[in-house]
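*Asks:* First, the structure itself, so that you have it in front of you.
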Protein chains: 2
Amino acid sequence: MSTKQVILGVDPGTIHAGFGIMQVTGGQVVLHDCGVLSMSSKFPLTRRVRMFHDFFHEKIVQHHVAVMALETPFLGKNPQNFLKLGYMRGILYLLNDIHGIVLREFSPSEVKKSVTGYGGADKEQVARLMMRLFPALRIPERYDMTDAVAVTLCAAWSSIRSPIIMR
Amino acid sequence: MSTKQVILGVDPGTIHAGFGIMQVTGGQVVLHDCGVLSMSSKFPLTRRVRMFHDFFHEKIVQHHVAVMALETPFLGKNPQNFLKLGYMRGILYLLNDIHGIVLREFSPSEVKKSVTGYGGADKEQVARLMMRLFPALRIPERYDMTDAVAVTLCAAWSSIRSPIIMR
C-alpha cells in the first residue's frame, strides 16, 4: 500500500482542544502538525463553538484530511461538561460529513494500549512516549496535545499495522 | 415597541427535532412556521448532524431569525442521549454565532409555567393549549413540534410581556 492518507486526531474541549495531524504513506507515519487551540473562557460558548469550527475547518482543508480520530467520550463527574463536549463533537461530526472524512473512534484504553502497550497508562506516560516517538514535539504545557497525538497515532497504526515512525 | 423580531424555537433531537418560528411585532405574535424535522436512524449520526445543520441554516436565512429559544437540557436516564443532544445543540450554537442570533434559554418548568400557567404541566396539556392558541396547528403526531412552539412562545411573551396571539 503506498497511498497517502492524512489523519487528524482531536481531543476536543470548550477551552482547550488538542490536535495532531499525521500523514500515513505505506508503512510510514509522519507528524505534520500538532498543537492546542485555546479559547478564552470569557468568550460566550456560542463564540467558542464557532472558533472551534473555523479552526478545524481550516486544518482539514489545508492538510486534505481523509480520516478523523477521536476518543469515545465517557461521562465524568460533571454532566454539564459531558454535554459541552457534545457541542464540540457535533461540530466535528458536521465537518466530517461536509468534507467526506471517515470517522474512527477508539476507547481511551485502546489508545493507551496501542501507543504505550498498556491500557492503564497515565497521561504523563503517554506524553513521554509521544515525545520519544516524535522528537520534534516539545514538552507540552497541557496534555491535550499529546493525548491528541496519541489518538492520531493509534488510528495511523491501526490503518497500516506497520509501526515505522519518522521525524 | 413596533420593531419586528423573528424567534426560532427548537426542540433538538438526533431523530426528531421540533421547531416553531414566530414573528413578534409590537404586542402581536404570529406563528409563521412550525413542524418536525425527522431523520432516519439508518443514517449515520454524522449525516444527521449535517441534515440538522442544513435544515436550520435554511430556516434562519429564509425567516431572518433574530432570536433562538431553547430549553435548558437536563441529564436523563441515558447519558449517551445527553451527549448526542449536545451534538445538535452545538450545531445551533454555531448557527447562532454565524448569523448573529441572540440565544435565549429557558428551563422546562419556565416554559410550561409561561404557556400554561403551571410549571408541572405535561406534554399533552402543553400541546392542547398550543392548538387552542394557534388554531392553524393540527394535532401533532409527536410532541416535539408543540414543545418547540411552546418554547418559542415563551421567548416571544418574555420579549413583549403583552400576550396577544393572532392566527
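*Asks:* Which ones in the range B:138-158 are among the charged types (D, E, K, R) and crowded, with 24+ Cβ neighbours inside 10 Å? Working first, answer last.
*Replies:* Going through the range B:138-158, the residues among the charged types (D, E, K, R) turn out to be B:138, B:141-142, B:144, B:147.
The one that is among the charged types (D, E, K, R) and crowded, with 24+ Cβ neighbours inside 10 Å: B:147.
*Asks:* What are the residue pairs meeting all of these: first residue in the range B:72-95, first residue touching a residue at least 12 places away in the same chain (Cβ under 8 Å) and farther than 19 Å from residue B:50 by Cα, second residue open to solvent by 10 Å² or more (accessible area, probe 1.4 Å) and assigned to a helix (DSSP H, G or I), Cβ atoms under 6 Å, and 6 or more apart or on different chains?
*Replies:* Note: pairs meeting the criteria are B:73/B:85.
*Asks:* Hey, another quick one. Restricting to the range B:58-68, name every residue that is assigned to a loop (DSSP other than H, G, I, E, B) and open to solvent by 40 Å² or more (accessible area, probe 1.4 Å).
*Replies:* Here is the first cut: in the range B:58-68, the residues assigned to a loop (DSSP other than H, G, I, E, B) are B:64-66.
The answer is B:64, and nothing else.
*Asks:* Filter the range B:69-112 down to the residues that are of a type in the set (Gly, Ala, Ser) and under 19 Å from residue A:80 (Cβ atoms), then identify the one that is surrounded by the most Cβ atoms within 10 Å (Cβ to Cβ).
*Replies:* To start, the set of residues in the range B:69-112 that are of a type in the set (Gly, Ala, Ser) comprises B:69, B:76, B:86, B:90, B:100, B:107, B:109.
Adding the requirement that they be under 19 Å from residue A:80 (Cβ atoms) leaves B:76, B:86, B:90, B:107, B:109.
On the way: B:76: 9, B:86: 24, B:90: 32, B:107: 13, B:109: 14.
Among residues in the range B:69-112 that are of a type in the set (Gly, Ala, Ser) and under 19 Å from residue A:80 (Cβ atoms), the one surrounded by the most Cβ atoms within 10 Å (Cβ to Cβ) is B:90.
*Asks:* Separate question: Can you confirm whether the range B:100-107 contains a residue that is touching a Lys or Arg at 6+ places or on another chain (Cβ under 8 Å), within 9 Å of chain A (Cβ to nearest Cβ) and either part of a loop (DSSP other than H, G, I, E, B) or among the hydrophobic types (A, V, I, L, M, F, W, C) (or both)? Working first, answer last.
*Replies:* Residues of the range B:100-107 that are touching a Lys or Arg at 6+ places or on another chain (Cβ under 8 Å), as a first pass: none.
Among the residues of the range B:100-107, not one is touching a Lys or Arg at 6+ places or on another chain (Cβ under 8 Å), within 9 Å of chain A (Cβ to nearest Cβ) and either part of a loop (DSSP other than H, G, I, E, B) or among the hydrophobic types (A, V, I, L, M, F, W, C) (or both), which makes the answer no.
*Asks:* Need pairs with beta-carbon distance below 9 Å; first residue closer than 7 Å to residue B:154 by Cβ and within the range B:106-119, second among the small types (Gly, Ala, Ser) and open to solvent by 30 Å² or more (accessible area, probe 1.4 Å); sequence gap 6+ or separate chains.
*Replies:* From residues that are closer than 7 Å to residue B:154 by Cβ, the pairs are B:106/B:114.
*Asks:* Hey, another quick one. Every residue in the range A:39-57 that is free of Cβ contacts under 8 Å to residues at least 40 places away in the same chain, open to solvent by less than 50 Å² (accessible area, probe 1.4 Å) and facing chain B (nearest Cβ under 9 Å), please.
*Replies:* A:46, A:48
*Asks:* Also, quick follow-up: Residue check: is residue A:36 open to solvent by 50 Å² or more (accessible area, probe 1.4 Å) and in contact with an Asp or Glu (Cβ under 7 Å, 6 or more places away or on another chain)? Spell out how you get there, then give the answer.
*Replies:* Values: open to solvent by 50 Å² or more (accessible area, probe 1.4 Å): yes; in contact with an Asp or Glu (Cβ under 7 Å, 6 or more places away or on another chain): yes.
Yes, satisfied.
*Asks:* If you take the residues of the range B:113-137 that are in a loop (DSSP other than H, G, I, E, B) and of a type in the set (A, V, I, L, M), which of them is surrounded by the most Cβ atoms within 10 Å (Cβ to Cβ)? I'd like the intermediate steps shown before the answer.
*Replies:* As a first pass, look at the range B:113-137 and keep what is in a loop (DSSP other than H, G, I, E, B): B:117-122, B:134-137.
Now drop any that are not of a type in the set (A, V, I, L, M), which leaves B:121, B:136-137.
Details: B:121: 20, B:136: 8, B:137: 18.
Step by step, filter the range B:113-137, then rank; the result is B:121.
The values are calculated or read from the model by the stated rules, or taken from the named source; none is laboratory data. Source: prediction; values computed, not measured. When we count neighbours, we look across all protein chains shown, and the Cβ atoms used for this are built from the backbone with ideal geometry, even at glycine. These area figures cover heavy atoms from the full protein model, side chains too; ligands, DNA and RNA do not enter into them. Shrake-Rupley method; radii C 1.70, N 1.55, O 1.52, S 1.80 Å.
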